[in-house]
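Report on the following structure.
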Amino acid sequence: MDVLQFLREATENGASDLFIVAGRPLGYKLGGKLVTPEGERATPDTTRAFISAVYGLAGRDIARLDNEGDDDFSFAIPGLARYRVSTYLQRGSLAAVVRVIQFALPDAPSLGIPERVVALSELNRGLVLVTGPAGSGKSTTLACIIDAINRTQEKHIITLEDPIEYLHRHKKSIISQREIGADTASYVVALRAALRQSPDVILLGEMRDLETISIAMTAAETGHLVLSTLHTSGAADTIDRIIDVFPPNQQPQVRVQLAEVLQAVVSQQLLPAKDGGMVPAFELLNANTAVRNMIRENKLHQLDGLIASSSGAGMVSMDSSLAALYRAGRIARDEALAYAANPEALARKL
């Protein structure tokens, strides 16, 4: 099987991720489960040939992978899909994981993304964070928010991504999409430059380090809407992670700044659905006066309780979201409990 045939077969079957690793046949993930078609085990020579062919399709030099042991990029095959590729060395041989991204922008209702999450597009300033483990759909949620802004508002949107996943066309807004490594050297360089490019909205693919987080918060403080992601679970953990990046002597000041600029934290997980495929569950924290006071006073341990008791303020806890999915027949009881923040309390609720 050549690389184009493999990409086409997996994409048309609805795969989400493709795996090219020596020692097993080429496989892919479908509905959260690993599928391994019949075939010969890939050898190190096979994986190098396959991955070299992927680099050829992307028009990219494989030297960076050979020199550094890791590489990330994206490319498209007309009429099929876009692909986000992460290549790496393992046990001396080349390997790759390829994420399939459809050309069409995601449709929030059909994917189960709540209207209250997409409504964050109506904010004019501040910091919105979408969090969750790798592969939980953070980029898809952000793409839905960006598309809602693009369809309804006249803004200049700058996206800084590594690599670019969803391609947005200019609608009511102007969209500038920049890929780290291809269009700019780093998140920090691109973010500093973005502040001189008259942005209304900045999408930052990931807040990775102190400098990036600091500039992002400054951008949010000076009247821009900044959207970004973190690999954290839950609002309290997310806020803790941001504050802990800074030296201890700066943390009181950072708490005050974060309390002012934070608008919302969306935490999400993907669960196996009863009817096959995956279904998302969401926690939503809206930064009201009580939340801002808790951040300033370092009482983050109280946030989970506040979210659970603030449904009237538009907030929803992860366990409430799981309970709603279970009652709607979307997920099994065992799955709801396995992904719950407080399984004992959820079991009593169910």
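The values are calculated or read from the model by the stated rules, or taken from the named source; none is laboratory data. On a predicted model such as this, the values are computed, not experimentally measured, just so you know. Cβ atoms come from the backbone with ideal geometry, glycine included; neighbour counts cover every protein chain shown.
Just give me the residues in region 68-89 being polar (S, T, N, Q) and modelled with pLDDT under 95, in sequence order. Let's see the steps before the verdict.
Within region 68-89, the first condition is being polar (S, T, N, Q), and the residues that meet it are 74, 86-87.
Within region 68-89, SER74 is the sole residue that qualifies.
Given the criteria free of Cβ contacts under 8 Å to residues at least 12 places away in the same chain, farther than 20 Å from ARG116 by Cβ and assigned by TED's automatic domain parsing to the domain that holds MET318, does ARG241 qualify? Outline the logic, then answer.
Values: free of Cβ contacts under 8 Å to residues at least 12 places away in the same chain: yes; farther than 20 Å from ARG116 by Cβ: yes; assigned by TED's automatic domain parsing to the domain that holds MET318: yes.
Answer is yes for this residue.
Out of the residues in region 124-158 meeting the condition of being assigned to a loop (DSSP other than H, G, I, E, B), charged (D, E, K, R) and over 13 Å from LEU203 (Cβ atoms), tell me which one is farthest from the chain's Cα centre (by Cα). Step through it out loud before you land on a result.
Our first condition is that a residue be assigned to a loop (DSSP other than H, G, I, E, B); within region 124-158, this holds for 124-125, 132-137, 153-155.
Retained after the next criterion (residues that are charged (D, E, K, R)): 125, 154-155.
From what's left, over 13 Å from LEU203 (Cβ atoms): 125, 154.
Numbers: ARG125: 20, GLU154: 25 Å.
Result: GLU154.
From the list PHE73, PHE103, which one is in a strand (DSSP E or B) and either touching a helix residue (DSSP H, G or I) at 6+ places or on another chain (Cβ under 6 Å) or of a type in the set (Phe, Trp, Tyr) (or both)? Give the steps one after another, and end with the answer.
On the way: PHE103 fails: in a strand (DSSP E or B).
Just a single option satisfies the conditions, and that option is PHE73.
Residue under question is ASP237, and the condition is that it be under 25 Å from GLN302 (Cα atoms) and either of a type outside the set (S, T, N, Q) or touching an Asp or Glu at 6+ places or on another chain (Cβ under 9 Å) (or both); does it hold? Walk me through how you get there before you give the answer.
On the way: under 25 Å from GLN302 (Cα atoms): yes; either of a type outside the set (S, T, N, Q) or touching an Asp or Glu at 6+ places or on another chain (Cβ under 9 Å) (or both): yes.
Criteria met by ASP237.
Could you please tell me which pairs satisfy a Cβ distance under 6 Å, a separation of 6+ or placement on different chains, a first residue in region 11-32 that is without any contact (Cβ under 8 Å) to a residue 40 or more places away in the chain and outside the structural domain of ALA134 (by TED's automatic domain parsing), and a second residue that is hydroxyl-bearing (Ser, Thr, Tyr) and in a loop (DSSP other than H, G, I, E, B)?
PRO25/THR36; GLY27/THR36; LYS29/SER16
Regarding ILE113, is this residue among the hydrophobic types (A, V, I, L, M, F, W, C), in contact with a helix residue (DSSP H, G or I) (Cβ under 7 Å, 6 or more places away or on another chain), assigned to a loop (DSSP other than H, G, I, E, B) and over 25 Å from PHE73 (Cα atoms)?
On the way: among the hydrophobic types (A, V, I, L, M, F, W, C): yes; in contact with a helix residue (DSSP H, G or I) (Cβ under 7 Å, 6 or more places away or on another chain): yes; assigned to a loop (DSSP other than H, G, I, E, B): yes; over 25 Å from PHE73 (Cα atoms): yes.
It is true that ILE113 is among the hydrophobic types (A, V, I, L, M, F, W, C), in contact with a helix residue (DSSP H, G or I) (Cβ under 7 Å, 6 or more places away or on another chain), assigned to a loop (DSSP other than H, G, I, E, B) and over 25 Å from PHE73 (Cα atoms).
Restrict the check to region 27-50 and report whether at least one residue is in a strand (DSSP E or B), modelled with pLDDT of 95 or more and among the acidic types (Asp, Glu).
No, the conditions are met nowhere in region 27-50.
Could you list, in sequence order, all residues of region 140-162 that are of a type outside the set (Val, Ile, Thr) and surrounded by 20 or more Cβ atoms within 10 Å (Cβ to Cβ)? Spell out the reasoning first.
Residues of region 140-162 of a type outside the set (Val, Ile, Thr): 142-144, 147-148, 150-151, 153-156, 160-162.
Correct list: LEU142, ALA143, CYS144, ASP147, ASN150, LEU160, GLU161, ASP162.
Could you run through region 161-187 and say how many residues are touching a residue at least 60 places away in the same chain (Cβ under 8 Å), β-branched (Val, Ile, Thr) and in contact with a helix residue (DSSP H, G or I) (Cβ under 6 Å, 6 or more places away or on another chain)?
Counting residues in region 161-187 that are touching a residue at least 60 places away in the same chain (Cβ under 8 Å), β-branched (Val, Ile, Thr) and in contact with a helix residue (DSSP H, G or I) (Cβ under 6 Å, 6 or more places away or on another chain) gives 0.
Take GLU283 and decide whether it is closer than 30 Å to ASN13 by Cα and surrounded by 15 or more Cβ atoms within 10 Å (Cβ to Cβ). Give the derivation first.
Values: closer than 30 Å to ASN13 by Cα: no; surrounded by 15 or more Cβ atoms within 10 Å (Cβ to Cβ): yes.
Judged against the criteria, GLU283 is not a match.
ALA10 versus (1) hydrophobic (A, V, I, L, M, F, W, C); (2) surrounded by 15 or more Cβ atoms within 10 Å (Cβ to Cβ); (3) outside any helix (DSSP H, G or I): which is the lone unmet condition?
ALA10 satisfies all of (1) hydrophobic (A, V, I, L, M, F, W, C); (2) surrounded by 15 or more Cβ atoms within 10 Å (Cβ to Cβ); (3) outside any helix (DSSP H, G or I) except (3).
In the list GLY31, GLY59, which residue meets the criterion of being loosely packed, with under 15 Cβ neighbours inside 10 Å and within 18 Å of GLN102 (Cβ to Cβ)? Reasoning before the result, please.
Details: GLY59 fails: within 18 Å of GLN102 (Cβ to Cβ).
None of the others qualify; the one that does is GLY31.
Only one of LEU4, LEU57 is in a helix (DSSP H, G or I), more than 23 Å from the chain's Cα centre (by Cα) and touching a residue at least 60 places away in the same chain (Cβ under 8 Å). Can you tell me which? Write out each step before concluding.
Details: LEU57 fails: touching a residue at least 60 places away in the same chain (Cβ under 8 Å).
After ruling out the rest, the residue left standing is LEU4.
Taking the criterion of being modelled with pLDDT of 95 or more, among the aliphatic types (A, V, I, L, M) and assigned to a helix (DSSP H, G or I), would at least one residue in region 174-184 satisfy it?
Checked region 174-184: no residue is modelled with pLDDT of 95 or more, among the aliphatic types (A, V, I, L, M) and assigned to a helix (DSSP H, G or I).
Would you confirm whether any residue within region 43-50 is of a type outside the set (Phe, Trp, Tyr), without any contact (Cβ under 8 Å) to a residue 24 or more places away in the chain and surrounded by 13 or more Cβ atoms within 10 Å (Cβ to Cβ)?
The answer is yes; a qualifying residue exists.
Which ones in region 108-147 are closer than 18 Å to SER176 by Cα and among the small types (Gly, Ala, Ser)?
Those that are closer than 18 Å to SER176 by Cα and among the small types (Gly, Ala, Ser): SER121, SER139, ALA143.
For residues in region 307-332 being assigned to a helix (DSSP H, G or I) and at pLDDT below 95, which is surrounded by the fewest Cβ atoms within 10 Å (Cβ to Cβ)?
Quick first cut of region 307-332, residues assigned to a helix (DSSP H, G or I) only: 307-308, 311-313, 318-327.
Add one more test, that the residue is at pLDDT below 95, and what stays is 308, 311-313.
Values: ALA308: 18, SER311: 12, GLY312: 6, ALA313: 13.
So, considering only residues that are assigned to a helix (DSSP H, G or I) and at pLDDT below 95, the one surrounded by the fewest Cβ atoms within 10 Å (Cβ to Cβ) is GLY312.
Got a number for residues in region 292-306 being within 16 Å of PRO252 (Cα to Cα) and either surrounded by 15 or more Cβ atoms within 10 Å (Cβ to Cβ) or of a type in the set (D, E, K, R) (or both)? Before the answer, list the steps.
Step one: filter region 292-306 for residues within 16 Å of PRO252 (Cα to Cα), giving 292-300.
Pick out the ones that are also either surrounded by 15 or more Cβ atoms within 10 Å (Cβ to Cβ) or of a type in the set (D, E, K, R) (or both) and you get 292, 294-297, 299-300.
Number of matching residues: 7.
Restricting region 110-128 to residues that are at pLDDT 95 or above and among the aliphatic types (A, V, I, L, M), which is farthest from GLN268 (Cα to Cα)?
LEU123
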